[in-house]
Structure formats: C-alpha cells, structure tokens
1. By what distance, in whole Å, do the Cα atoms of the chain stretch along each of the three principal axes, largest value first?
2. Given an 8 Å cut-off on Cα distances and at least 6 residues of separation, report the relative contact order of region 166-268 as a percent.
3. Pairs LYS8/LYS42; LYS52/LYS145; LYS195/LYS238; LYS196/LYS233: which exceed 21 Å Cα-Cα?
4. Restricting to the chain, what percent of DSSP beta bridges are antiparallel, rounded to 5?
5. Go through LYS23/LYS48; LYS84/LYS140; LYS23/LYS54 and tell me which ones have a Cα-Cα distance over 20 Å in this structure.
6. I'd like to compare 119-130, 164-175: which one has the highest average count of other Cβ atoms within 10 Å, and what's the full order after that?
7. In terms of modelled amide H atoms, which long-range or inter-chain residues lie less than 5 Å from the amide H of GLN7?
8. Need the C-alpha centroid separation for region 179-212 versus region 102-164, integer Å.
Amino acid sequence: MKSASGQKIVIIGCGNLAWHLAKTFAAQKKFDLYIYNHQPNKNLAAFKQHLKCKTQDSLKGIITDADFYFICVADKFISSASGKIKTASSDSLIVHASGSISIKEINQPNAGVFYPLQTFTKEDVIKWSEIPILIEANKKSDLLKLQHLAKTFTKTVREANSAEREKIHLAAVLVNNFTNALYTAADEFLSDQVKKQELNFNLLLPLIEQTALKLRRVSPLKAQTGPAKRNDKPVMKKHISLLKKNKQVKKLYKQLSELISDQQQKQDA
C-alpha cells in the first residue's frame, strides 16, 4: 500500500454518510476521490462542485487501482454493489459502512467494515473526533490498514466482528431511533393538546440535553428519574388519562413505566 498521499479512494453511493466521508477525505487533501452512483442523482453535482471529486452516475467501469473502496449504499444493495468492483491488486480493500450487515456480504477476499457509530444528515456539522469507528477485516494486514485510516478520523477505533457490531447497532437503534420516536410523540402531543404556541417542544430541549450529559457521569440506570422510578401511581394515572386520544402512546407509556419499575427493582435487589 502506498503512503496516504496520493491514495485513491472510491466511494459508492451519494447519500449522507458518503457525503461526510468524502468531505473529510477531501479536507485532508491527500486523497484522489472518486464517487460512483448506480444512477443519475442531483447529489453527485454537489460532490463534484464542493469537494472536487470525480463523479460517475453508473457503476460500470469503476477504477481497478483504488486503495480503498467504500460501499455506502442501502444495506440490501451492499452485496450487489461489491460485485461491481474489480481490483487490480490484492492490496485494495473493499469495505462497507453498515452496522447490521455481515462482512460476508462483500464477496471478495479483501473485505472489511468501517462503521462510524453515529447518525448522519448532510447539513450537520460532524465532529469526527468524538465518533467511535468500529472496524473489521478478513486479514490482519487489512485490519491494520483500516485502523490507520480510521485514526485519521478519531481516536476511538475499536475492532468488532459482525456479530458484535450487529448487537451494538441494535443498542444504537434503541438510544437513537426509538428515543427520537418518543420525541416525536411528545412534539405531536404538545401541538395537539397545548394551544399556546410558545409552550412547545423547544421547552424540552434543555431537559433532553441535560439527560444526555448526565450519562457521561453515571450509568443510565442511576440517571433515571420520574414517576415510574418513584412508583408515583397518582401522577402516572393522570398521564395515562391525558393520553386517552392516542392509544398507541398510551400503551407505550404503560409498558415503559413497567420497564423502568422493573429496572429499579433489579437495582434495589
């Protein structure tokens, strides 16, 4: 593998993660970047204009001499996308960036995984130095290459096999996607039930931020507060009554209250 300066990096896909990876590689100014997508997409123009990448709206004729190939497509397309890659050297490394997909979906001997444990939106400013990256490779030499590359992004680089990464991805869904669904439920409840516009979801943001900050000091179990922890049945009864118009959230409220109560009982046992 040649030195980092002048290395060629191919990114397949032009979504949010592809954008942030390409943006970071471009900022380092030591990589030649190639962006491929399976079809025309308006996002490709942004890669070319802002990041000075070479772009192509087809997976035909992908260059064969890249050092790294990053597959940043929907999980169900990872295997087929990997099949489009033909490498001229065994030093080339083909990786996907999914948390839930096995390394075996890349049907090539020089396969790896480069999984940033974060949610990505194109408009966000990403602090890569704070993001854990989980890596995996079929060969020790490839793992070392991935480790070296990942450390140009962050200090928190961990080796995790496909089974371990799948479990971490599940945990990430619990704390990110499911929590955000509850944020949405709270937002919709306030919009529907509270008529004053100034009494809205924004009032909850300091609480959300403080809860997250607290987890840097104590475990989630110790950070828990609220009526379910205290077994405050009168308050919970009032809350359930307020949710009579939303049976789905009402059911969730009861189930989550039981979960909190069970968690606290285990701690006290």
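Read the figures in this text as sums done on the coordinates, not as results from a lab. Computed from a predicted structure; not experimentally measured. Here Cβ is always computed from backbone atoms with ideal geometry, including for glycine, and neighbour counts include all displayed protein chains.
1. Taking the Cα atoms of the chain, the three principal extents are 70, 45, 30 Å.
2. Values: 32 pairs, mean separation 18.9, N = 103.
18 percent.
3. The pairs that break the limit, which is 21 Å between Cα atoms, are LYS8/LYS42; LYS52/LYS145; LYS196/LYS233.
4. Values: 5 of 28 bridges.
Counting DSSP beta bridges with both partners in the chain, the antiparallel share is about 20 percent.
5. Values: LYS23/LYS48 11 Å; LYS84/LYS140 24 Å; LYS23/LYS54 13 Å.
Flagged as over cut-off: LYS84/LYS140.
6. Working: 119-130: 11.7, 164-175: 14.3.
Result, highest mean Cβ count within 10 Å first: 164-175, 119-130.
7. Amide H neighbours of GLN7: ASP32.
8. Value for the Cα centre distance between the two parts: 34 Å.
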